[in-house]
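Rule-based calculations on the coordinates, nothing more; no lab input. Just so we're clear, the structure is a prediction, and the values are computed from it rather than from any experiment. Here Cβ is always computed from backbone atoms with ideal geometry, including for glycine, and neighbour counts include all displayed protein chains.
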Amino acid sequence: MEFASLVTGMEVILKDARDRLARMSVRELLTSERAEVIPTGPGPVADEGESAAAVLARLTKKERKSVLERAEHVREMLTGYRSGAEELARPGEPRPEYAPGLSLGKRYAAKASELGLTVRSMERWAQAYLENGEAGLVPRKAPADGGLGNADPRWVEAAEEVLGEYEEESRPSIKLVLERVEARLQAVFGAGTVPLPKRTAGYRWMQELERRQPTFRLSTKRNREIAERPGGAYGKLRPTRPGEYLLMDTTRLDVFAFDPVTLKWVQAELTVAMDWYTRCITGIRVTPVSTKAVDAAAVLFQTYRPRPIPSTWPREAAWPDHGIPRAVLIDAEAAHGPITGAVGPALAPETLIVDHGKIYLSEYLTSVCQRLGISIQPARLRTGRDKGPIERFFRTLREDLLQVLPGYKGPDIHSRGLNPEKDAFFFLHELEAIIREWVAVVYHRRPHSGLVDPHLPKLNLSPTAMFEHGLARAGYIEVPRDPDLAYEFLKVKMRTVQHYGVEIDGRRYNGEGLEGLRDMAGSDVELAKRRHLLCIDPDDITRIYFRDRERTWHTLRWEHAPGLQMPLSEEALQFARRLAAKQYTYPNDKLAVSLLLERWNLGLGNSLVERRMALRLSREQRAVEFPEKTATTVDTLPSVTHVMSLPAQAEPPAAEAAPVVEEGDDDGDSLEELDEEIDFYATALKDIDD
């Protein structure tokens, strides 16, 4: 290839593999597809060494200052000025011993005498500075060996293998690990083959291996979490709108609550639902002793139907009601008085993220999610970071609220006080009310470091502000408006209707909604086709709910419900039946319930299961609030209501009182006859009791 300078510009003369000549402009050679430049060598490449920026970045503040001072000395030797330029000369520069007219040898000798070093050292400094600048003056360090020094690779490999075996075991001592490593090396390679470290070096090497695989310093639980971390890059779900991912988890509260039945302390559990995008808490439920599937369903129901805000809460803690058409804008205070609102936002979750707890993977909760179109995504086993936001909420709750309440017992046994049980003060429903108010007033209004808008990374967002941001980004949230939505969160049973009603687990229910469906006779196939769907609340079996063909809900009551003044759980009735079967040959449900209540009144319910059942019966609030069903009566008709709302008419003048007719002795029972009647019934009842 040859270049030729012509009037039209620079051109090249090329020769192909067949020795044919061709003329082409340089521009065409570089841009056209007719020719391609094929390099024969590697061309210019970057230096194999590290860049000056990388070398200086590794230095500490003190080391960087020392390197800069050394560079000033070198520049003064070479130029006579510490800055390296005459225009930036400092007062008194150049000094006589570093005058530019002097030879480099004299200047090197003057600087060596000033710093107390040799002339050879000054020459090496100057040469390194001329080659690499200030980075060349950085002292060379020995290559990083991870703190293991001259440890034999076979010893390091055996030590890492032994440490890995303690991931699921209790914490060992360093001495035991060193002995196991020595025994393993002798068994594999023979005694004396692999050099073993001295005692001090062995402890130092184990402390260095602690950085790679923690075993001795942290708790065993934390060590297991670190060992289970994935080896590659971390990934996580990234929600883009409110309601896309709903986190749900249960934790044991670090506060002892008060038992309203036995007036003793009891441990409580907290179940929470959190919207991942906004970090808003959409459902809260505190349960005694342990949590059941019905509690998880109740928390999920609160996501759709937040509870109304109490009148004692501040106004700014209220959330606006959802489900109202946006085109309708009225002054709510003028029409209905002060705005009440709800305790939290209403959402329609798409995916529910839970752990592998029995209550979350139960048929009860999964069927509810299936009916509502919610997909369930279980987290990985023993991987708390998959539900990181809700785990962080539990820690914030403990540090900001629970630790200031009476009865606080700390996060673990090592943090517990001498006798925190005696300080238990709040009942279960009171503790739940306190947590709800703290969430609404404090947590939802405080900026959260995990809430970030990529377009405005410096903007501090609270869960409330993030919810408004999500509405502006994803649009209006359409929450189901079905007033009978609460029935979808109950347990489902399929039963036929008999002449006495329906029977579920030996309990008979009856009501007005079954009229026209009774006495169904026929084959088993026909009966299977005539079964009806019944919804049951496991916390209150005194009533069940039935939906007819017109999709109207009816309430069916248990035949023994009139004798109870409180809800009765399904678990309590089963225990009552077993209790009655031990004392009577043919017990019935009424007798079984009476024996159970008497046992609790006498304080005989001492087992953990009995305490949980008694505490559930003593709760003042229900798991799921159902809509009130009002029957249509005459006084609720529109015409009658209009008449009843008319102003009251003037009362007619009072009529003259009728004369009192004096009665004789024969008109009523005498006192003696009344006493005889009372004595008769008392004796009769006594005979029956005997």
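Annotations
- For segment 2-9, backbone phi angles converted through the Karplus equation (6.51, -1.76, 1.60; θ = phi - 60°) give residue-by-residue couplings of 10, 9, 9, 9, 10, 5, 6, x Hz, Gly and Pro being listed as x.
- Separation in nanometres of the label points that stand 7 Å from Cα toward Cβ, at Glu391 and Glu168: 2.0 nm
- Distance in nm between pseudo-label sites at Arg252 and Lys493 (7 Å out along the Cβ direction from Cα): 3.3 nm
- Over segment 417-504, the ratio between the Cα radius of gyration and 2.2 N^0.38 Å evaluates to 1.90.
- Here the Kirkwood formula puts the hydrodynamic radius of segment 331-461 at 18.8 Å, using every distinct Cα pair.
- Reachable lysines from Lys491, criterion Cα separation under 25 angstrom, eight or more residues apart if same chain: Lys292, Lys358, Lys529, Lys590, Lys629
- Semi-axes of the equivalent ellipsoid for segment 204-306, Cα gyration tensor, largest first, Å: 35, 25, 9
- Extension reserve of the Ala187-Thr585 stretch, reckoned as 0.36 nm per residue once the Cα distance is removed: 136.3 nm
- Scalar couplings 3J(HN,Hα) for segment 252-258, obtained by applying the Karplus form with A = 6.51, B = -1.76, C = 1.60 to θ = phi - 60°, are 7, 5, 8, 10, 7, 9, 9 Hz; x denotes Gly and Pro.
- Cα→Cβ-extended label distance, 7 Å offset, between Arg547 and Ser311, nm: 3.6 nm
- For segment 184-242 versus segment 353-382, the inter-centroid distance based on Cα atoms is 35 Å.
- Distant-in-sequence amide contacts of Val289, defined by a placed amide H-H separation under 5 Å and a gap of 5 or more residues or a different chain, comprise Gln267, Ala268, Glu269.
- Neighbourhood net charge (13 Å Cβ-Cβ; Lys/Arg +1, Asp/Glu -1) for Leu88: -2
- Semi-axis lengths (Å, descending) of the ellipsoid that matches the C-alpha gyration tensor of segment 36-123: 34, 19, 15
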